Amino acid sequence: MNVALILLTTALVLVIALLAAAGAGKLARLDGATYPAALTRAATAFTAVLTLATAMAGALTALLT
């Protein structure tokens, strides 16, 4: 597989994870959460997106090989 495609996909997944984390943190603050609680929710969202992307990559690898 092309290395540039792998790097582009990795960068895209990281950007999506950061956007999801920022959105979760902002929504938590709008809901009245403290800054530490909002940061925890943002970190949880970031981790969840990365975990989902890893699981999807593993499943696709198993199907395509």
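The values are calculated or read from the model by the stated rules, or taken from the named source; none is laboratory data. Here the structure is a predicted model, which is why all the values come from computation and not from measurement. Virtual Cβ from ideal backbone geometry, glycine too; neighbours counted across all protein chains shown. SASA here: full protein model, heavy atoms, side chains in, ligands and nucleic acids out. Shrake-Rupley method; radii C 1.70, N 1.55, O 1.52, S 1.80 Å.
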Problem set entry | Label point distance in nm, THR54-ALA4, each placed 7 Å from Cα along Cα→Cβ | 2.9 nm
Exercise. Taking Cα pairs under 8 Å and at least six residues apart, what relative contact order does the chain come out at, in percent?
Worked result: 34 percent
Problem set entry | Mean accessible surface per residue for the chain, computed with a 1.4 Å probe while every protein chain stays in place, in Å² | 76 Å²
Exercise. What angle, in degrees between 0 and 90 and rounded to the nearest 10, separates the Cα long axis of helix 3-30 from the longest principal axis of the Cα atoms of the chain?
Worked result: 20 degrees
Exercise. In degrees from 0 to 90, rounded to the nearest 10, what is the angle of the helix 35-64 Cα long axis to the longest principal axis of the chain?
Worked result: 20 degrees
Problem set entry | Candidate values [x] 49, 40, 21; [y] 42, 23, 13; [z] 47, 21, 13, label of the one derived for Cα extents along the principal axes in Å | [z]
Exercise. Given the Cα-Cα distance of THR61 and LEU39 and 0.36 nm per residue of separation, how much length would full extension add, in nm?
Worked result: 4.6 nm
